[in-house]
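> Below you will find the structure I want to go over with you.
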Amino acid sequence: MSKIKKLSAVVMALTLVLCIGYFSVMSPTSAWFYNSGVIDSGDSFVFGDLSVDTSFTSKSVQVFDGATKFADPDEILFDDVIKVNEIHVYNSGTIPARVYADVRTSGEGLRWFVYDDSMLVDGSVKKTIESVLPEMTDSALMQYNVGEDGNGGHYIILNPGEIATVKVATWIEYDFVKGDIENGEESDSYDVEISLIAAQDVDGAFER
Amino acid sequence: MFNILAIVTVIAVVFVGFNLLSGAKGYAVTSPSMKDTLNVGDVVFVKTVDFDSLQVGDIVTVASSDKGKFFTHRVVEINKTDRTITTRGDANGVDDPMPTEAERIVGKVWYSVPLLGFITIGFSFVSGSVGLLILAGIAVVLVTVNCILTKSKKRRGESDE
């Protein structure tokens, strides 16, 4: 009897595992615009028939040799201090898409600004920021980057087959760092996570 | 342990057998576009449906042109002339950007079961061979635990005597 029970236990365990296997090989069903894109490592974000919230994330440690302040009208070295991160984006699909950006960091005082070369004013990021923000304040910058209530923000439209270079400028504000870094005598490193999110080219299709 | 294993196995076999015999295909929900109706981790069971019997409000699963990917959304418009449907995720603010041809409709959602889809989602992170190893591991663990519990029960029985 014991042997029969043992054998039954083995058979049942195998049967149960087969049932688990049945669920494990099911196909996933996702949102329209499923992610069939290829995400290259490094600095390229290639998407095809993409997911509503298909995203590309690039993680890096950024070393800032000096601090600055975008709202300071006397700050003339702003463009020399900022880091410009370039990500090449390619819409290999058949539908126009919007590409939004997001930046996360654990460090205090990091600010960012997303743009592309067509927006540049006199080749200066600071002048570009001045040209697109209604006022040079943190809240205006935030609203530009991520939109009102954090839903949306600045985006770049990519038609099918188009390639663009999305640029994300990052810097640290001198109000938040030690004096030595502020004066450019030391450097400070920040873990920075830059994400690009591709979504349908319609309002309301993307929420952060 | 033996009894629990027996009950769970019977339920699993009946459930899987029922779906296989009924011809329903299961899909694991991996995105929140149908949130509140279908949540991430649900499994939807889909049965083939005639295009002409589809109605606005039905939830359908649709395949990509290469039949390699799927999405499950609600029908919001049916164009009988073009034989296309317009779909929308309940949680999305807008209709899906392009109509779907009848040929790409896999079927209509029959019913859904919560949480089971996490098995699919979990296994999607590992390769096929690793998945097989995990399944084999589960079988070994089940048999081993059953053996240990049976032996300890037997010992307790002997010591009581």
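The values are calculated or read from the model by the stated rules, or taken from the named source; none is laboratory data. Fair warning: this is a prediction, and the values are worked out from it, not measured in the lab. Ideal geometry is used to build each Cβ from the backbone, glycine not excepted, and the neighbour counts take in all protein chains shown. What goes into the accessible areas is simple: the full protein's heavy atoms, side chains included, and nothing from ligands, DNA or RNA. Shrake-Rupley method; radii C 1.70, N 1.55, O 1.52, S 1.80 Å.
> Looking at B:Lys80, B:Lys67, B:Lys35 in this structure, which one is without any contact (Cβ under 8 Å) to a residue 40 or more places away in the chain, within 12 Å of another protein chain (Cβ to nearest Cβ) and closer than 30 Å to A:Asp203 by Cα?
Values: B:Lys80 fails: within 12 Å of another protein chain (Cβ to nearest Cβ); B:Lys35 fails: without any contact (Cβ under 8 Å) to a residue 40 or more places away in the chain.
Only one candidate qualifies: B:Lys67.
> Name the single residue that is nearest to the other protein chains (Cβ to nearest Cβ) among those in region A:175-194 being modelled with pLDDT of 85 or more and open to solvent by less than 60 Å² (accessible area, probe 1.4 Å). Full working, then the answer.
Filtering region A:175-194 for residues modelled with pLDDT of 85 or more gives A:190-194.
Among the residues that remain, those that are also open to solvent by less than 60 Å² (accessible area, probe 1.4 Å) are: A:190, A:192-194.
Details: A:Tyr190: 30, A:Val192: 26, A:Glu193: 21, A:Ile194: 23 Å.
Taking the candidates together, the pick is A:Glu193.
> Here is a list of conditions, (1) surrounded by fewer than 19 Cβ atoms within 10 Å (Cβ to Cβ); (2) modelled with pLDDT of 90 or more, and B:Met1 meets all of them except one; can you say which number that is?
Of (1) surrounded by fewer than 19 Cβ atoms within 10 Å (Cβ to Cβ); (2) modelled with pLDDT of 90 or more, only one is false for B:Met1: (2).
> Okay, next question. Any idea which residue in region B:60-90 is farthest from B:Ala28 (Cα to Cα), counting only those that are among the aliphatic types (A, V, I, L, M) and either buried (at least 21 other Cβ atoms within 10 Å of the Cβ) or under 21 Å from the mean Cα position of the chain (by Cα) (or both)?
Restricting to residues being among the aliphatic types (A, V, I, L, M) and either buried (at least 21 other Cβ atoms within 10 Å of the Cβ) or under 21 Å from the mean Cα position of the chain (by Cα) (or both), the top hit is B:Ile85.
> Scan A:Glu86, A:Glu130 and give me the residue that is acidic (Asp, Glu) and closer than 20 Å to A:Ile197 by Cβ.
From the options A:Glu86, A:Glu130, the qualifying one is A:Glu86.
> Test B:Val10 against the stated conditions and say whether it is surrounded by fewer than 18 Cβ atoms within 10 Å (Cβ to Cβ), modelled with pLDDT under 85, outside any strand (DSSP E or B) and of a type in the set (A, V, I, L, M, F, W, C).
Spelling it out, it is not the case that B:Val10 is surrounded by fewer than 18 Cβ atoms within 10 Å (Cβ to Cβ), modelled with pLDDT under 85, outside any strand (DSSP E or B) and of a type in the set (A, V, I, L, M, F, W, C).
> Taking region A:87-112 on its own, how many of its residues are surrounded by fewer than 22 Cβ atoms within 10 Å (Cβ to Cβ), within 30 Å of B:Ser64 (Cβ to Cβ) and of a type in the set (Ser, Thr, Tyr)?
3
> Tell me the residue from B:Val44, B:Val16, B:Val8 that is aliphatic (A, V, I, L, M) and farther than 30 Å from A:Val11 by Cβ, please.
Result: B:Val44 is the single residue among B:Val44, B:Val16, B:Val8 that is aliphatic (A, V, I, L, M) and farther than 30 Å from A:Val11 by Cβ.
> Would you check if there is a residue in region B:91-108 being within 8 Å of chain A (Cβ to nearest Cβ), under 30 Å from B:Gln55 (Cα atoms) and open to solvent by 70 Å² or more (accessible area, probe 1.4 Å)?
Applying the first criterion (within 8 Å of chain A (Cβ to nearest Cβ)) to region B:91-108 yields B:92-94, B:96-98.
Remaining after also requiring under 30 Å from B:Gln55 (Cα atoms): B:92-94, B:96-98.
When the remaining residues are screened for being open to solvent by 70 Å² or more (accessible area, probe 1.4 Å), the result is B:98.
There is at least one residue in region B:91-108 that is within 8 Å of chain A (Cβ to nearest Cβ), under 30 Å from B:Gln55 (Cα atoms) and open to solvent by 70 Å² or more (accessible area, probe 1.4 Å).
> Out of the residues in region B:124-151 that are of a type in the set (Gly, Ala, Ser) and surrounded by 11 or more Cβ atoms within 10 Å (Cβ to Cβ), which is nearest to the other protein chains (Cβ to nearest Cβ)?
B:Ala139
> Could you check region B:13-52 and list, in sequence order, the residues that are part of a helix (DSSP H, G or I) and surrounded by fewer than 14 Cβ atoms within 10 Å (Cβ to Cβ)?
Of everything in region B:13-52, those that are part of a helix (DSSP H, G or I) and surrounded by fewer than 14 Cβ atoms within 10 Å (Cβ to Cβ) turn out to be B:Val14, B:Gly17, B:Phe18, B:Leu20, B:Leu21, B:Ser22, B:Asp52.
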